[in-house]
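Q: Just dropping this structure here.
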4 protein chains.
Amino acid sequence: MASLGLNRYGKARVRVMKVVRYDDFHEMKEWSVKVLLQGNFETCFTQGENHNILPTDTIKNTVYSLARDSTSSTLEDFATELVAYLLANNPQVSQAAVEIEEKNWRQLLIDGEPHATTYAIAGPEVKTTEVLGERGSALKISSGIDGLVILKTTKSAFTGYIKDKFTTLPESTDRIFATRATITWEYDTLPSDYERARASAIESLLKTFAEHDSLSVQHTLYDMGVALLAAVPEAQRVKLTMPNLHCLPVDLSRFGQNNPNQIFVPTDEPHGYIEAVIER
Amino acid sequence: MASLGLNRYGKARVRVMKVVRYDDFHEMKEWSVKVLLQGNFETCFTQGENHNILPTDTIKNTVYSLARDSTSSTLEDFATELVAYLLANNPQVSQAAVEIEEKNWRQLLIDGEPHATTYAIAGPEVKTTEVLGERGSALKISSGIDGLVILKTTKSAFTGYIKDKFTTLPESTDRIFATRATITWEYDTLPSDYERARASAIESLLKTFAEHDSLSVQHTLYDMGVALLAAVPEAQRVKLTMPNLHCLPVDLSRFGQNNPNQIFVPTDEPHGYIEAVIER
Amino acid sequence: MASLGLNRYGKARVRVMKVVRYDDFHEMKEWSVKVLLQGNFETCFTQGENHNILPTDTIKNTVYSLARDSTSSTLEDFATELVAYLLANNPQVSQAAVEIEEKNWRQLLIDGEPHATTYAIAGPEVKTTEVLGERGSALKISSGIDGLVILKTTKSAFTGYIKDKFTTLPESTDRIFATRATITWEYDTLPSDYERARASAIESLLKTFAEHDSLSVQHTLYDMGVALLAAVPEAQRVKLTMPNLHCLPVDLSRFGQNNPNQIFVPTDEPHGYIEAVIER
Amino acid sequence: MASLGLNRYGKARVRVMKVVRYDDFHEMKEWSVKVLLQGNFETCFTQGENHNILPTDTIKNTVYSLARDSTSSTLEDFATELVAYLLANNPQVSQAAVEIEEKNWRQLLIDGEPHATTYAIAGPEVKTTEVLGERGSALKISSGIDGLVILKTTKSAFTGYIKDKFTTLPESTDRIFATRATITWEYDTLPSDYERARASAIESLLKTFAEHDSLSVQHTLYDMGVALLAAVPEAQRVKLTMPNLHCLPVDLSRFGQNNPNQIFVPTDEPHGYIEAVIER
């Protein structure tokens, strides 16, 4: 009566650090890898037959071993290698998806210069990628950034919205705009250099965020997406998720003080949630 | 050149606690509500026009106010009320989705009896629901449980899997099976009592987990799904996500000791990841 | 010019799970162990000499190996064993402290009966202990509970406090009282059974919390401490830390509704913080 | 029989953001404030008398109001103001302690220049301070940094340690050294500029960490402390807590590969724990 529907399995949070030891500096990257497989696994679920199962422990080892031999310096290239390996060596697998997050390690500045072998975490944001390989189809590759915490202290308004019996929010022509953005763009054609493409993407996002005369989170989000598509010609589509992390002006009139947009309470919950896809 | 694709917005993490004060005891529930709207919001994104925007602050107030008047005692019923209200009062909205999590508060046992007005958190799992209302279509309602941390010390094996050059995992006929399950079922027809349906669902899941002769996570996951569909006739489909939180036997032979399946290192990362839909 | 002051080192978050396999059920415990050593380590810091250093990796292995041979069923007894071993085998160590947290695993109820080999996490609270051994002195042993999330919906008031120009809080004769308590008691003489002592301690804390006519968090905290000292004759002193996790009544008058103590917003920050030692 | 021992209370996680709007840029700071009071509160605990209690809600309002009028630009100066206000206005309080954390917001670089009104979180570390005021005594002021995540890929060894029957760690002359440091220094005399003192402190810590030929975590920690005392003449004492976040070399020989110090598994638990005070 019951039957198996869509299913997938794999290994998550496979952490791997790679240090490439050049003569004059060390390149260090820390990745967290997630691998998900789809394929012919029906009887594993229904009968407990494991003969088609590549154990998730082996998937973990595959990540470590391929990392050793790989010459990829970007997470996108390494994810592509992993997908290719898994499909080539596992006929029972019809689709392999690899997601990688790269932590934001940067070389420490010592006496104003990047130190050759010392790093610090330079922000909460992580670089992300997802590479999806389906047998017989072209790879689908996306890049992104997750956890980008940014804030502007002006050029953000919110007025002219619907008023109903539950409205208590006052209109504002000058409010704080803070978010923790997750942004992912899909490639239609592949860029020659993923890191350069990502740098262009992020530069366009930040510049738009900083300079925008925002009439709403939606308004700024849209223009950020448009800017990214202009900056990264290979990107076909970008998805932006930008929660509105409210900074509430404190009512100081109760204490005989004014508050000319100076004192705020930053909050985590509840938060606004805005999400959209911008595409060519 | 660029255009707006799929988009939605709303308010997340709206926490609300409701205390119903009966003569002989207080019923207390704590919910975290997420509301997401779709509709005619194109010019908000592209032009910064807000005349169609119901502010997320107002959405929050709507949650509080409806909670006051509501007679719903289940999260499913309250989410349904919210969806109905939002669609009825916002012609610009074509689709409203409400997700609610309910914390696992239980009345404290004092001298062996549930105390009338005192509660404790009884486990990390939360009750969940999602109600999706699209204008002109029937509601889609699902219920679930998230963060259910369970473990069995025996009746779990994993053998007969693919061996390749990256295999280092030894086969095991008696291992620890630990997971943090997320389980969601969709209703085809609506149950007369969501809480009774959920209780049947969870009882079937736990009983199957406890008694199953597991040949793999997949194997047990499938039988748990089958059991749920048998226990909840109104459920059409169930999705189970069950990470494998590995408990690794410690190699004590290095210290001249044996380890007859007694001493383990529980780990959080990496973890196996298994997910499937079981449907009628 | 500079000199080394107080210092200590060791290993934290050593997770170990022990399964004792009786004929008719399995006893499973999961501990997270922290070991901190003090002693003659001056030249390690100042000269980089490691000949007196027991590596933290070895400390970890010691935990695993002793767990195998130990017959202790309580965290207090196992911490005592670890302290004794470390002092006996490391003359360079003058003081060893061991802290253990035990997760709140409980046997699942299946058909109303505890299942012999299946467990679930039954609450966020953990059992805790700290055993401190200083060469030539008696052991200092404390037990506790951390992360106990409890709430009462009535019998909690807060009135008669100082009013000044920053006062905005209205007095309340019936408010929600929610906390996430951390409670630790020190033993003067050792109980014959740590688990029975802990059970008495927690029963006294919960009963007092539930039944107390609270005039403030301080008031209830004190009576909880007094009750614990009465329930556990071997305890000399108890420290209670009880943040006040405010549940704020929502002002519904803006929406034409009353709020007879029914609808609240639970909050995590800011929170009140109350801490005291109660001693004989 | 029971009596009240040491006790304190106050408000934690009071978040406040201050924006100072200069003509050509905005200075924005986000603080999380904790206030703890000691004093004459005996009967509050024992009798439920609140006439000596300054509510924690009022403490929160005091933080907001003083932030409005304050001209302090450093967390140390603002904490000092708060302590002074609380002691001056609350005769029942004998001791006030204020701890503040400042998030690591930095002006975004747009086209290579700091943007006047836009910020991003630039790292997980927070600036910290604690100011302790006891009636009749001089203030005790400390500054610090918490959550500084740093890593060096070379110049870190660990050899010559004790070997016993539980030793499995191989000696290493070239390992990864990663930590999440918490560092606090106490001022004997007050610096003229806390921010300049902090900048000198951190520069000395990072430079020593980067350039040190480390023979152990202890060895580097000590030299970092010595460097800080040299860089900040007003500091009398510095406490450094530096967990050893192990990056384990992967054994690739099982897959027919070597691993010349290239591929590591970064781990969070268990971790080494090293803590020391360095003083003049």
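Q: Being over 18 Å from the mean Cα position of the chain (by Cα) and within 30 Å of C:Ser73 (Cα to Cα) narrows it down to one of C:Ala138, C:Ala197, so name that one. Spell out the reasoning first.
A: Working: C:Ala197 fails: over 18 Å from the mean Cα position of the chain (by Cα).
Checking each option against the conditions leaves just C:Ala138.
Q: I'm checking my understanding of the structure. Among residues of the stretch D:94-115 that are among the small types (Gly, Ala, Ser) and over 20 Å from the mean Cα position of the chain (by Cα), which one is farthest from the other protein chains (Cβ to nearest Cβ)?
A: The first filter runs over the stretch D:94-115 and keeps only residues among the small types (Gly, Ala, Ser), leaving D:94, D:96-97, D:112.
Pick out the ones that are also over 20 Å from the mean Cα position of the chain (by Cα) and you get D:94, D:112.
Numbers: D:Ser94: 15, D:Gly112: 10 Å.
The selected residue is D:Ser94.
Q: Now for a different question. Give me the residue from the stretch A:93-109 that is touching a residue at least 24 places away in the same chain (Cβ under 8 Å) and open to solvent by less than 20 Å² (accessible area, probe 1.4 Å) and, out of that set, farthest from D:Glu203 (Cα to Cα).
A: The initial filter retains those residues of the stretch A:93-109 that are touching a residue at least 24 places away in the same chain (Cβ under 8 Å), namely A:93-103, A:105, A:107.
Then drop every residue that is not open to solvent by less than 20 Å² (accessible area, probe 1.4 Å), which leaves A:93, A:96-98, A:100, A:102.
On the way: A:Val93: 52, A:Ala96: 46, A:Ala97: 43, A:Val98: 39, A:Ile100: 33, A:Glu102: 26 Å.
For the stretch A:93-109, the residue satisfying everything is A:Val93.
Q: So, in the stretch D:45-68, exactly how many residues are open to solvent by 20 Å² or more (accessible area, probe 1.4 Å), touching a strand residue (DSSP E or B) at 6+ places or on another chain (Cβ under 9 Å), more than 20 Å from C:Leu240 (Cβ to Cβ) and at the interface with chain C (Cβ under 7 Å from one of its Cβ atoms)?
A: Adding up the residues that qualify gives 2.
Q: Further question: Looking at (1) out of contact with any Pro (no Cβ under 9 Å at 6 or more places or on another chain); (2) more than 30 Å from D:Asp23 (Cα to Cα), can you tell me which one D:Pro114 breaks?
A: In the conditions (1) out of contact with any Pro (no Cβ under 9 Å at 6 or more places or on another chain); (2) more than 30 Å from D:Asp23 (Cα to Cα), D:Pro114 misses (2) alone.
Q: Something else now. Pull up the stretch A:7-37, narrow it to residues that are open to solvent by 40 Å² or more (accessible area, probe 1.4 Å), in contact (Cβ under 8 Å) with a residue 24 or more places away in the chain and within 14 Å of chain B (Cβ to nearest Cβ), then point me to the one that is nearest to the chain's Cα centre (by Cα).
A: Only one residue fits best here, namely A:Lys34.
Q: Have a look at B:Trp185, B:Trp105 and point out the one that is assigned by TED's automatic domain parsing to the domain that holds B:Thr80 and hydrophobic (A, V, I, L, M, F, W, C).
A: Numbers: B:Trp185 fails: assigned by TED's automatic domain parsing to the domain that holds B:Thr80.
The conditions single out B:Trp105.
Q: Of a type outside the set (Gly, Ala, Ser), in the same structural domain as D:Thr173 (by TED's automatic domain parsing), under 17 Å from the mean Cα position of the chain (by Cα) and open to solvent by 50 Å² or more (accessible area, probe 1.4 Å): does that describe D:Arg237? Please lay out each step first, then the result.
A: Details: of a type outside the set (Gly, Ala, Ser): yes; in the same structural domain as D:Thr173 (by TED's automatic domain parsing): yes; under 17 Å from the mean Cα position of the chain (by Cα): yes; open to solvent by 50 Å² or more (accessible area, probe 1.4 Å): yes.
Criteria met by D:Arg237.
Q: Here's another thing I want to ask about it. List pairs: first residue in the stretch B:193-218 and over 16 Å from B:Thr154 (Cβ atoms), second residue aromatic (Phe, Trp, Tyr) and modelled with pLDDT of 95 or more anywhere in the structure, Cβ distance under 6 angstrom, at least six positions apart or on different chains.
A: B:Gln218/A:Phe45
Q: Take D:Phe209 and tell me if it is assigned by TED's automatic domain parsing to the domain that holds D:Thr189 and farther than 17 Å from A:Val16 by Cα.
A: On the way: assigned by TED's automatic domain parsing to the domain that holds D:Thr189: yes; farther than 17 Å from A:Val16 by Cα: yes.
Yes: the conditions hold for D:Phe209.
Q: Please determine whether any residue of the stretch A:183-205 is open to solvent by less than 10 Å² (accessible area, probe 1.4 Å), touching a Phe, Trp or Tyr at 6+ places or on another chain (Cβ under 8 Å) and either within 14 Å of chain D (Cβ to nearest Cβ) or part of a strand (DSSP E or B) (or both).
A: There is no residue in the stretch A:183-205 that is open to solvent by less than 10 Å² (accessible area, probe 1.4 Å), touching a Phe, Trp or Tyr at 6+ places or on another chain (Cβ under 8 Å) and either within 14 Å of chain D (Cβ to nearest Cβ) or part of a strand (DSSP E or B) (or both).
Q: Okay, next question. In this structure, does B:Ala210 turn out to be hydrophobic (A, V, I, L, M, F, W, C), more than 20 Å from B:Lys127 (Cβ to Cβ) and open to solvent by less than 20 Å² (accessible area, probe 1.4 Å)?
A: yes
Q: All but one of (1) open to solvent by less than 50 Å² (accessible area, probe 1.4 Å); (2) more than 23 Å from A:Ala201 (Cβ to Cβ) hold for A:Val83; which doesn't?
A: The failed condition is (2).
Q: Please name all residue pairs, on different chains or six or more residues apart, with Cβ atoms under 9 Å, provided the first residue is in the stretch A:180-192 and is in contact (Cβ under 8 Å) with a residue 12 or more places away in the chain and the second residue is open to solvent by 100 Å² or more (accessible area, probe 1.4 Å).
A: Taking only residues 6 or more apart or on different chains, the pairs are A:Glu186/A:Lys140; A:Tyr187/A:Lys140.
Q: If you check every pair at least six apart or on different chains, which have Cβ atoms under 9 Å apart with a residue in the stretch A:116-127 that is facing another protein chain (nearest Cβ under 7 Å) first and a residue that is of a type in the set (Phe, Trp, Tyr) and open to solvent by less than 30 Å² (accessible area, probe 1.4 Å) second?
A: Listed pairs, sorted by first residue: A:Thr118/D:Phe209.
Q: Is it the case that some residue within the stretch C:244-265 is open to solvent by less than 50 Å² (accessible area, probe 1.4 Å) and either in contact with a Gly (Cβ under 6 Å, 6 or more places away or on another chain) or among the acidic types (Asp, Glu) (or both)? Reasoning before the result, please.
A: Restricting attention to the stretch C:244-265, the residues satisfying the condition of being open to solvent by less than 50 Å² (accessible area, probe 1.4 Å) are C:244-247, C:250, C:252, C:255, C:257, C:259, C:261-265.
Checking the rest, the ones that are also either in contact with a Gly (Cβ under 6 Å, 6 or more places away or on another chain) or among the acidic types (Asp, Glu) (or both) come to C:244.
Within the stretch C:244-265, one or more residues are open to solvent by less than 50 Å² (accessible area, probe 1.4 Å) and either in contact with a Gly (Cβ under 6 Å, 6 or more places away or on another chain) or among the acidic types (Asp, Glu) (or both).
Q: Checking A:Thr167 against (1) in a loop (DSSP other than H, G, I, E, B); (2) facing chain D (nearest Cβ under 10 Å); (3) of a type in the set (S, T, N, Q), which test does it fail?
A: (2)
Results for (1) out of contact with any helix residue (DSSP H, G or I) (no Cβ under 8 Å at 6 or more places or on another chain); (2) within 15 Å of D:Val98 (Cα to Cα); (3) modelled with pLDDT under 95, shown as yes or no for each residue.
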{"residue": "D:Asn7", "(1), (2), (3)": "no, no, no"}
{"residue": "D:Val14", "(1), (2), (3)": "no, yes, no"}
{"residue": "D:Val19", "(1), (2), (3)": "yes, no, no"}
{"residue": "D:Asp23", "(1), (2), (3)": "yes, no, no"}
{"residue": "D:Lys34", "(1), (2), (3)": "yes, yes, no"}
{"residue": "D:Glu42", "(1), (2), (3)": "yes, no, no"}
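Q: Report whether or not C:Phe264 is more than 10 Å from chain D (Cβ to nearest Cβ) and over 19 Å from the mean Cα position of the chain (by Cα). Let's see the steps before the verdict.
A: On the way: more than 10 Å from chain D (Cβ to nearest Cβ): yes; over 19 Å from the mean Cα position of the chain (by Cα): yes.
When the stated conditions are applied, C:Phe264 passes them.
The values are calculated or read from the model by the stated rules, or taken from the named source; none is laboratory data. Here the structure is a predicted model, which is why all the values come from computation and not from measurement. With ideal geometry, Cβ positions are generated from the backbone for all residues, glycine too; neighbour counts draw on all protein chains shown. Note: accessible area is taken over every heavy atom of the protein model, side chains too, but ligands, DNA and RNA are not part of it. Shrake-Rupley method; radii C 1.70, N 1.55, O 1.52, S 1.80 Å.
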